[in-house]
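Heads up, the thing below is written out as structure tokens.
What follows is calculated from the coordinates using simple rules that are stated; it is not laboratory data. Treat the numbers as computed from the prediction; the structure is a model and nothing was measured. As a convention, Cβ positions derive from the backbone with ideal geometry for all residues, glycine included, and neighbour counts pool all protein chains shown.
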Amino acid sequence: MADEVKMLGMAGSLRRQSYNRAALRAAVKLVPSGITLKTFDLDGIPPFNQDHEREPPNPVREFKAAIVQADAILIVTPEYNYSVPGVLKNAIDWASRPYGASAWNGKPVGIMGASVGMLGTARAQYHLRQMFVFLNMFPLNQPEVMIANADEKFDVDGNLKDEKTAQKIRELLEALADWTRKLKKAHA
């Protein structure tokens, strides 16, 4: 069996009944063998303040440490106003600072997102990809997992009930693990 890949997942929503938090929980349940997926809740991360970037608050230190320990990142994002939600952007900014000490540097990353709309977070996902250029992250291009009409894919308790979506999430996790192993091998 190939080396185990340690992933860190985060949802860019704080809402308890968020479809994106539900999608992240589904990913944890669907993780194939050879992969571990731990999650980090962004709820405790305060607004970014550059005055504190060299001595960040404890939740930020914990977040950066979790990123550093992970082989790959899984971001599950909603879409707000055609872009990335503020809570996710804030967390990305904290973990990238101070300049030259970014926890994101060189990390493979997969993206997925859920929306009640028909585009399933496409625009937010593309904006994340733009950020990854500066952050020197290596996004997985395929498969794209954009869960449209999420209110039909999850039950009232937030459990994923759509098998096609479950299969796409499995494919994303497997592809991200393969991508991570390839990048590791290339940099060895």
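Structure data summary
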| read-out | value |
| --- | --- |
| Tally, over the stretch 84-108, of residues that are among the aliphatic types (A, V, I, L, M), free of Cβ contacts under 8 Å to residues at least 60 places away in the same chain and closer than 17 Å to A72 by Cβ | 3 |
| Enumeration of residues in the stretch 25-52 that are surrounded by 13 or more Cβ atoms within 10 Å (Cβ to Cβ) and among the hydroxyl-bearing types (S, T, Y) | T36, T39 |
| Members of the stretch 88-114 that are more than 23 Å from A166 (Cβ to Cβ) and among the β-branched types (V, I, T) | I92 |
| Wholly enclosed helices (runs of 4 or more DSSP H) of the stretch 74-188 bearing at least 3 residues touching a strand residue (DSSP E or B) at 6+ places or on another chain (Cβ under 9 Å) | 86-95, 122-135, 163-187 |
| Members of the stretch 1-24 found to be buried (at least 22 other Cβ atoms within 10 Å of the Cβ) and among the basic types (K, R), listed by number | R21 |
| Failed condition for V76, given (1) without any contact (Cβ under 8 Å) to a residue 60 or more places away in the chain; (2) closer than 17 Å to M146 by Cα | (1) |
| Cβ pairs under 9 Å, 6+ apart, first in the stretch 116-138 and touching a residue at least 12 places away in the same chain (Cβ under 8 Å), second part of a helix (DSSP H, G or I) and polar (S, T, N, Q) | T121/N20; F138/T180 |
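Each row is one residue, and each column tells you yes or no for (1) surrounded by fewer than 19 Cβ atoms within 10 Å (Cβ to Cβ); (2) closer than 20 Å to Q17 by Cβ.
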{"residue": "V109", "(1), (2)": "no, no"}
{"residue": "M112", "(1), (2)": "no, yes"}
{"residue": "N141", "(1), (2)": "yes, no"}
{"residue": "D162", "(1), (2)": "yes, yes"}
